[in-house]
Amino acid sequence: MFPAPLPHAPTRRHRTLVAAILAALLGTLLLGTTPTAQADDPDDPVRLVLTTSGLNWADLSAERTPNLQCLADRSGAGAMNTTSSSVVSTERQGLETLHTGYRGLAEQAPRTAGIPTPPTDQWKQLPVETAAVDASSNPDAVTGDITDALASDEILQVDAGSVPDHDDPARDQAIEALDGRVGTVLDAAGGCDSAALPRTLLVSVAATDPEDPDEVERTGAVASRTVGLQVALDTAFPGQALTSGATKQNGVVVLTDVLATILDSYDAEPDGLIPGQPMRGTDHDDPQLLALDRSQAAATVDAATLPALGSWLALGVVGLVITLVPALARRPRLALVGRSLAMIAPLALPVGLLASVVPWWRGEHDAWVLTGVVWAGCAILSVLVLAGPWRRHRFGPLGVSAALVALLILGESVTGSRFQLGSPLGAQPISGGRFYGLSNHLYGMVFAGATMALLCLFTVLRTPRARVMWTVAVGVVVAVVSVAPSMGADFGSMLATIPTFGLLALLVSGVRPRVWHVIALCAGGAVAVLGVSFLDWLRPPEDRTHLGRFIDELLSGELFSVVVRKLAQNVAMTTGYWALALVMLLAVIASIAILMPRRIHWTRLAELDAQHPAAYRVRLALVVGTWIGYVVNDTGPVLVAAIFGIWAAFLPVALPAPRPTGAVDADGSPVVSEAPAPR
């Protein structure tokens, strides 16, 4: 299965050096997990929780909603994700989440969601009595109940009513009515401007409050415009932007954080594990504008992504057609144009990730603005790729383009994922997945770009020692940034990175890999990621990433259920969406094809291997790493699609020009190479 070893394999001293560098990986990771400074938690317990649904930040203004605006002015502000186990979150789901800490209704959630059934009301862990008041219809009738509850030590939950969907003509009137009810409740609690107002949370717990929640929760049958980030306020953080350990993004929190905030304010521990983290405040010049920006970007990014990225990626499709059609690829100038278009097309991906550097969503024609941002960024990078001194080498521009894809995405993670929100390829707060770090599709892009960059580099590096050193160096950078809690915080990346780059280092060194090598590399990845997770777990709970929370699950005896749930999600994603199922089938075919070009008569790829034998070794490591990544991640199909999508653009650029029609060797087989294969 493995290719024959190269001559001049490295000595024991070289292998020792490589082992030392790999061992230093864990030490580097340890240094990268130093806790960062965080805002202190407030001391006041939450006494009043106002709930509504369908309330967005665009609904608030001093003219239309003076009471809500007054409360916002004296509170910490955040845009809140309320995604649930259905496509559109409903108020019924949100109210249960408020008490259980888990998204959606336990009785309706799929088994793969990991929601405890039957649900546990975590408010019972509070050291005070709880009370609930319905102020959605006649708040004046319950003002006495509100005053009495707040005069005691009780924590009070008040239902202030909901706001209808955006396409409802009565929406504006309903918002004004909601503002009046909130004002009545605040007056009963001491007044919005009063220093005597107890610590108050106002949260819009869902996107909609439909007349038939069963139908909506089953089919998502509601206007798509209602799916958006909701309003969250906490009077404990006046003038600050809300954040939490679950999002690690200023101005964004999750509904599951509300329960964690309430419990934390009373120093109460939940019954079991809950996914949310206490909300905190961070300094910001205009937290309400930040929350509005987060909401607007999240609401418009999906519709703007296709024209913005698709228009640039279309250039790559044209380039691939020119590059792959032999009649066109045999024309030198046309082939050069085709290769150039294909190699710059993937630059739209890192540019799309960083697009929120410009607040494109504030424009009247947001899709056009985002398209302009993407094209401007790609044009600058294209000049760098095509006009640099590396253009004199056949693989120079391709290698630089691939390296830029990997480095820019890794660089965004190094900053703490500050540019992802509001970017086409970043973590989308409206979907409620990851809010920071390297998601699987981003890691797939990094992996694809790094391996293609190494393939191009190996056409210049001729010695096994140099190839091994560069392989290890690239692997270390990818691993450190991918898994460090303050950067990528990606559990599965380490499980794929160490085996892949370790295997590639063996292949290019001349050492024939054995089964025990692969087992040892996989074990090394597991040990490294568990070590980083343990260090993350040593930090305060509110500072941990999901790496540290994995240790909590391990210690609580939930490891088996977590593994089963992740595998089930992977399988469900592969089989539940026909498009992903098709992508996976194509990925399997592509994996086989790129490893046996001669057998399938892929002459140009076979010629590449004859000229540069290291190209086959890179592809072998790529295939192994891709499918390891698929197995160890819960959204493996997305990772596989990202890897093969980028390689589909880059690999044809690396292929030699097609031979004249009918060229054969003396034995009648297609011409593969006219010169001895350089090593």
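Some observations on this one:
- The residue list Thr575, Gln296, Gly78 was ranked by how far each Cα lies along the charge dipole of the chain toward its positive end, using unit charges on Cβ atoms, and Thr575 comes out on top.
- Extended-chain gain in nm, criterion 0.36 nm per residue less alpha-carbon gap, Arg394 and Asp187: 67.1 nm
- Considering region 266-342, its Cα convex hull presents a mean projected area of 11.1 nm².
- Taking the DSSP beta bridges with both ends in the chain, the antiparallel portion is around 40 percent.
- Rounded D (µm²/s) - region 79-154, Kirkwood Rh over Cα pairs, Stokes-Einstein at 37 °C, 0.692 mPa s: 227 µm²/s
- Protection proxy ranking of 380-390, 475-485, by the mean of other Cβ atoms within 10 Å over each peptide's residues and highest first, is 475-485, 380-390.
- Take 630-639, 324-333, 439-448 and order them by the average number of nearby Cβ atoms within 10 Å per residue, most first; the result is 439-448, 630-639, 324-333.
- Rg(Cα)/(2.2 N^0.38 Å) for region 220-320, N = residue count: 1.45
- Relative to the Cα centre, the charge distribution of region 319-404, modelled as +1 at Lys and Arg Cβ and -1 at Asp and Glu Cβ, gives a dipole magnitude of about 640 debye.
- Value of [θ]222 nm, deg cm²/dmol, for the chain, DSSP H segments ≥ 4, -39500 (n - 2.57) each, nearest 500: -17500 deg cm²/dmol
- The accessible surface of the chain, taken with every protein chain in place and a 1.4 Å probe, is 62 percent carbon and sulfur.
- Rg(Cα)/(2.2 N^0.38 Å) for region 406-463, N = residue count: 1.38
- Ordering of 347-356, 492-501 by packing is 492-501, 347-356, highest average first (other Cβ atoms within 10 Å, averaged per residue).
- Legend: calculated FRET efficiency, Glu364 to Arg514, from the Cβ-Cβ distance at R0 = 45 Å, rounded to 0.05, equals 0.10.
- Within the shell of other residues whose beta carbon sits under 15 angstrom from the beta carbon of Gly319, the net charge comes to +3, with Lys and Arg scored +1 and Asp and Glu -1.
- Anisotropy class of region 136-204 from Cα gyration tensor, a/c 1.5 cut: prolate
- The label point for Val414 and the one for Glu269, both projected 7 Å from the Cα toward the Cβ, are 4.1 nm apart.
- Mean sequence separation of contacting Cα pairs (under 8 Å, at least six apart), scaled by the length of the chain, corresponds to a relative contact order of 16 percent.
- The alpha-carbon atoms of the chain define a convex hull whose volume equals 157 cubic angstrom per residue.
- Computed from Cα atoms, the angle from the helix 440-458 axis to the main principal axis of the chain rounds to 20 degrees.
- Taking every protein chain into account, the accessible area of the chain amounts to 41 square angstrom per residue (probe 1.4 Å).
- Simple spin-label estimate for Asp302 and Arg64 in nanometres, 7 Å along Cα-Cβ: 2.3 nm
- Cysteines not pairable in the chain (beta carbon separation under 4.7 Å absent): Cys378, Cys456, Cys522
- Net dipole in debye of the chain [+1 Lys, Arg Cβ; -1 Asp, Glu Cβ; about Cα centre; nearest 20]: 6520 debye
- Cα-based Rg of region 352-430 normalised by 2.2 N^0.38 Å, two decimals: 1.25
- Rh by Kirkwood over Cα pairs, then Stokes-Einstein D for region 59-122 at 1.002 mPa s and 20 °C, µm²/s: 157 µm²/s
The values are calculated or read from the model by the stated rules, or taken from the named source; none is laboratory data. Note that the coordinates shown come from a computational prediction; the quantities given were computed from them, not determined experimentally. Because the Cβ atoms are built from the backbone with ideal geometry, glycine has one as well, and the counts that use them run over all protein chains shown. With ligands, DNA and RNA removed, areas are computed over all heavy atoms of the protein, side chains included. Shrake-Rupley method; radii C 1.70, N 1.55, O 1.52, S 1.80 Å.
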